[in-house]
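Below is one structure; the comments refer to it alone.
Nothing in this text is a laboratory measurement; each read-out follows from the coordinates by a stated rule. The shown structure was predicted, so the numbers you read here are calculated from the model rather than taken from an experiment. For neighbour counting, all protein chains shown are included, and Cβ atoms are generated from backbone atoms with ideal geometry for every residue, glycine included.
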Amino acid sequence: MTELTVLGACHHDCPDTCAWEVTVVDGVATGLRGSAGHPFTRGTLCPKVNRFIDRVYHPERLLTPLRRVGPKGSGEFEPITWDEAIGEIATRMRTLIDAGRAESILQFEFAGTQGEIQMGVMIDRLFDAIGASDIKRELCGVTASRGAAEVLGVPFGVEPESLRHARTVVLWGTNTRITNRHLWPFIEQARADGALVIVIDPIRTDTAREADVFVQLRPGSDVALVLALVHVLDREGLIDQPWLIDHTTGWDALRASAAQWTPAHAAKATGIDAERIEWLAHRLATEQPTGIRALIGAEHRENGQEILRSVAMLSAVLGSWREVGGGFARSVGIWHESALTSQVRPERRTFNMARLGEVLNDSNVDPGIEMLFVHNCNPANILPDQNLVVAGLERDDLFTVVIEQFMTDTARYADIVLPATTQIEHLDLSPAWGHFYLALNQPAIEPRGAALPNTEIARRLAAALELDDPRLHESDEELVRDLLDSGHPFLDGITYERLAAEGWARLAVPEGARPHIDPLPGIPTDPMRLGALEHRPGRETTDGDSQLVQRFPLALMSRKQHPKFLNANYGGFTAHLPSSGQPLLQIHRDDAVARDIAEGDRARVFNDRGSLTLTVEISDVVQPGLVAMPFGWWHRSTPEGRAVNALTNATVAADDRGSAYFHDTLVQVEKAVGN
C-alpha cells in the first residue's frame, strides 16, 4: 500500500480559500482535511467541503463527453469521444469565424472555481484569439468594489484578521458565521479581549443571533443609517477634525447631506429607534478602533454602490484607519489581483452577465448569439429573471457547450457537455479574497474517467482550430510560473518551488499594515474622498414605485443560509440539503396572519417574472414586509421546476456595470390552492 499526502486549496467562491491536505492511498483519495498550520484555515473545513471526496467519486459524476439526443432541458444525452466533441465544437466555431460572425460566440463563465488557472486563463486566451463576445463578470463584488473605490481611490481594505485588534466590530450585511466562518474565530478573539460585536442587517442571521448587539434595519436603508450616524457624530463633536483635514476631502458636502438626517427622521426610513441610532454613533466613535466588515450582501440593490460608498465614508469619518483593528474590511482580492498581474487582453464585445436572458432573447442584438460556451458556471440557476434565461437556452438555433462535473440545470440545456476535473485532479494557483495567503493546489489523483481540466480543453480546441500562438499551448505549470514571475513586491520570496513544498505563503505585506495610511506599493495614501450622500430607495422596493407596491407589497431577499451548500455547487445533492429536504419561504407572523397562512402551509410566491410554490416557515428571521427564500436550490426543488431566481430582479445600472438588483424584488404571497 502506498499512502501520500498532497497539498492543495479549496476553489469555491468563498472568502476563506482554505488550504487542505488530501490523503491518497494507491491512487485513490481517501481523506481531506484542512491544513492545521495555515493561519486562517486552522485545520478545519466547512460542512460542504467536508464531503468533497464524496463529490469526486459521486455516482452521478460526468466522466465522458455527451451529445444531446432529446429535447433541450430533457437531460437526454449519448456518450461520445473527445475527438468527436472537440471536432464538432471546433467545426461550428470555425464556420462562424470564417463567416465574420465570431462575436456570435459568447463565452460565459464565473466563479465555479476561483483558481487563477482553471478559472479561465487559457480559455480566455482562446476566445480572445478568435474575437468572441464576452461577459462582464460582475454579478458579485464589482458594485461593492466601485463603491469603496469612490472613497479610497483604489479599494484596498484592511486585512480581515486585523479585526481581532478592534474594540468595536461591525458586521454590516454579512453573515460571517455561515459564509465566512474562518473569520469568526478572529471576531471571537476580539470579543474575548473586550470588544463589542454589532451586526447590522435586515435579516436576523445566524451571525446576528451570536452578536452582542443586533441592529435590524429596513432593507436597503443603509445610506439613511449612515447619514444619521454622521449627523450625530457631527452634532456631538465626536469627529476628530485634524484627522478629517489631514486624511479626507469633501467633508462639507457630506455634512450638508447629513444635516436633515436626525435620528428621529432616520428612524422612519430605517425602522431603527432614534435612541439606538444615538447609542450606535457614540459607540463607534468612543470605543476605537472600530473595524467595519462588509462584503457583497448590500450591493445587490439599485443603491448598492451608494451603500458601500457610504459605509466606506463612515469608516473615514470615524478615523478608524488610524489604529490596527480599525478601518474598512471588505474583499482583499485586489491585493492578490495586483500581485498576479497578467498580460493585457484585447477588447471584446461584452454584456453584463446578469443580462444573459435578455441578450439571448433580444432580436436587436447584432450579431445575435448563435453559440454559448459555458464553464465554471450554472447560469440557468444563479442568474436573475430565471425564466427568461431558460427561454434563451431553449432556443433551437442556439448551440450550447457546457463544461461541467454534474448534470446541472444549465447542462441539461446543452448540445455538448464536456466532463471537467475536480480540484483534486488538476493544478491551480489559488488566491483569496478573504485573507492574504496564496496557495498552490497540486493534483492528488489522476483525472477520473475522461474528465479534463479547463486548460486542456482549451488547448485541444486551439489545436483543432489551428491556432498556433504559443501562449495557447502553455502547460498549467508554465501558467502558474508566469503569474508568480510578475515582479510585484507582494510576491517577494514566493516561488513555485516554495509553494509546492509548503502549500501556501502569505503575501509579502507586513502584519498590521494600514492601507491608505502606511506607504505600501500601489496603494494610494491620498485623502479619502467624502462627499454628498443621498438615500434613494430602489424602484422595486416597498418605498419605490407605489403602483408596483400595491400589486406586490412584500420585499423578497434570496439568502445563502444553509452551511452544507450555500450556493448552486451543492444545491442538487441530497447529502448537502437541510433536514426539510426542500426550500422554505420564511415569512413574518404578521404577514402570514394577514394572508391566513399557517406554519407548514403551501404558499404561492409570485410577481410578473414568475411564480413558485413553497412550504411556509413562520420566522422572526425576517421583519414584517420582508420574506426570504434560500439561494442555490436546483430547479427540481419546486413543482414549477424553477428556483428563487425565477422571481429576482435582473436590472443593472445604466452603464451596464455591476451586480443585478437581486434584493430589490417585490412579490405577493398567497395560500396555495389545495392546502
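Assorted remarks:
- Overall form of region 48-136 per C-alpha gyration tensor (a/c, 1.5; a/b vs b/c): oblate
- Legend: translational diffusion of region 387-489 by Stokes-Einstein, Rh = Kirkwood radius over C-alpha pairs, 10 °C, 1.306 mPa s; D = 97 µm²/s.
- Residues listed by number, region 320-346, amide nitrogen under 18 Å from R481 label point at 7 Å toward C-beta: 341-343
- Inter-label distance, D656 to D83: 4.2 nm, where each label sits 7 Å from its Cα along the C-beta direction.
- Working ranking of peptides 384-397, 448-461 by packing, defined as the average number of other Cβ atoms within 10 Å per residue, highest first, is 448-461, 384-397.
- Assigned charges on the beta-carbon of Lys, Arg, Asp, Glu; the chain dipole about Cα centre (debye): 1400
- Per residue, the average separation of C-alpha pairs within less than 8 Å and at least 6 apart gives region 142-330 a relative contact order of 34 percent.
- Cross-link partners of K72 among lysines (Cα-Cα below 28 Å; sequence separation of 8 or more within a chain): K136
- Extreme residue, positive dipole direction of the chain, given options L163, L484, N454 (C-beta unit charges): L163
- The chain: angle of helix 274-286 to the longest principal axis, Cα-based, in degrees nearest 10: 80
- Rounded FRET efficiency, nearest 0.05, which uses the C-beta distance separating R94 from D206 and R0 of 51 Å: 0.50
- Ordering of 363-375, 541-553, 307-319 by burial proxy (mean other Cβ atoms within 10 Å per residue, highest first): 307-319, 363-375, 541-553
- Principal semi-axes in Å for region 546-671 [√(5λ), Cα gyration tensor, largest first]: 21, 21, 12
- Under 22 Å of direct C-alpha separation, and excluding same-chain neighbours fewer than eight residues apart, K564 reaches these lysines: K48.
- Computed extension length for E466-A256: 69.3 nm, one decimal, from 0.36 nm per residue of separation with the Cα-Cα distance subtracted.
- Contour minus Cα-Cα distance for R235 and T615 (0.36 nm per residue): 131.9 nm
- Cα-based helix-to-principal-axis angle, 222-235 vs the chain, degrees rounded to 10: 30
- Per residue, the average separation of C-alpha pairs within less than 8 Å and at least 6 apart gives the chain a relative contact order of 19 percent.
- Rounded, prolate or oblate (a/c below 1.5 giving rounded, otherwise prolate when a/b exceeds b/c) for region 142-330 by Cα gyration tensor: rounded
- Applying 0.36 nm per residue to the separation of A192 and H265 and subtracting their alpha-carbon distance, the gain on full extension is 22.7 nm.
- Mean-position separation - Cα centroids, region 1-77 and region 299-367, in angstrom: 29
- In degrees, nearest ten, helix 142-152 long axis to first principal axis of the chain (Cα): 40
- Model label points for R536 and D246, set 7 angstrom from Cα along the Cα-to-Cβ axis, are 3.6 nm apart.
- For the pair region 88-126 / region 598-650, the C-alpha centres are spaced 35 Å from each other.
- Residue-count net charge about L548 - beta-carbon cut-off 14 Å; Lys, Arg +1, Asp, Glu -1: -3
- Averaging Cα coordinates gives a centre for region 536-592 and one for region 385-415; these two points are 24 Å apart.
- Relative contact order [Cα under 8 Å, 6+ residues apart], region 278-384, whole percent: 23
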